[in-house]
Amino acid sequence: QAQLVESGGGHVQPGGSLTLSCTASERTLMSAAMGWFRRGPGKEREFVAAISMGGYRTSYKDSVRGRFTISRDNAKNTLYLQMNKCEPDDTAVYYCAANSRSVSGAVYSRDDFYQYWGLGTQVSVSS
């Protein structure tokens, strides 16, 4: 079965940076729109960022826009989330996801559009 595996999580101080990676076990998963979601303590899972299958279009949650950058390297079967100027409210388990039913050029912010999910990586932002 196809799998997505996140890595790069950890502890960072406010204002610091982290880069999350998501690697697909099968190249077919990279022929899809992808996204990052997160679940903070006591919160519902929420959209963070999304990218179209070709990487030409992106979208972001308002609170991370300008701080986070989503990107992909399909040749490496890898999705990235560059997190800059991290804030305590960014503390969460971060999940990558793939939508194998993507429309070309589309980005997806609803989690029910995604079929494949990683198990998550913890990001903790505190002093």
Among Asp89, Asp112, which is the only one that is open to solvent by 40 Å² or more (accessible area, probe 1.4 Å), in contact with a Ser or Thr (Cβ under 9 Å, 6 or more places away or on another chain) and assigned to a helix (DSSP H, G or I)? Asp89
Going through Ser124, Ser102, Ser109, Ser71 one at a time, which residue ends up being modelled with pLDDT under 95 and either small (Gly, Ala, Ser) or within 17 Å of Leu4 (Cα to Cα) (or both)? Ser102
Here the residues within region 24-46 that are surrounded by fewer than 18 Cβ atoms within 10 Å (Cβ to Cβ) and in contact (Cβ under 8 Å) with a residue 12 or more places away in the chain are Ser25, Glu26, Arg27, Thr28, Ser31, Arg39, Gly40, Pro41, Lys43, Arg45, Glu46
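Could you count how many residues in region 1-40 are in a loop (DSSP other than H, G, I, E, B), at pLDDT 95 or above and not small (Gly, Ala, Ser)?
As a first pass, look at region 1-40 and keep what is in a loop (DSSP other than H, G, I, E, B): 1-3, 8-9, 13-17, 25-26, 31-32, 40.
Okay, now just the ones that are also at pLDDT 95 or above, so 8-9, 13-17, 40.
Subset that is not small (Gly, Ala, Ser): 13-14.
So the answer is 2.
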Say we look at region 62-77 and pick out the residues that are out of contact with any helix residue (DSSP H, G or I) (no Cβ under 8 Å at 6 or more places or on another chain) and β-branched (Val, Ile, Thr); which of these is surrounded by the fewest Cβ atoms within 10 Å (Cβ to Cβ)? Thr69
Taking the criterion of being among the polar types (S, T, N, Q) and closer than 21 Å to Arg110 by Cα, would at least one residue in region 4-19 satisfy it? no
Glu6 vs (1) under 14 Å from the mean Cα position of the chain (by Cα); (2) within 19 Å of Asp89 (Cβ to Cβ); (3) among the acidic types (Asp, Glu): all pass except (2)
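Do we have Asp62 as at pLDDT 95 or above and touching a Phe, Trp or Tyr at 6+ places or on another chain (Cβ under 9 Å) here?
Criteria not met by Asp62.
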Picking from Gly66, Gly54, the residue that is among the small types (Gly, Ala, Ser) and under 26 Å from Ala2 (Cα atoms) would be Gly54
Ser59 is checked against (1) farther than 23 Å from Val12 by Cβ; (2) surrounded by 18 or more Cβ atoms within 10 Å (Cβ to Cβ) and fails just one. What number does that condition carry? (2)
Counted residues in region 35-86 being among the β-branched types (Val, Ile, Thr) and in contact with an Asp or Glu (Cβ under 8 Å, 6 or more places away or on another chain) come to 1
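The values are calculated or read from the model by the stated rules, or taken from the named source; none is laboratory data. Keep in mind that this is a model prediction, so the values were computed, not measured. Neighbour counts run over all protein chains shown; Cβ positions are idealised from the backbone, glycine included. Only protein heavy atoms, including side chains, enter the accessible area calculation; ligands, DNA and RNA are left aside. Shrake-Rupley method; radii C 1.70, N 1.55, O 1.52, S 1.80 Å.
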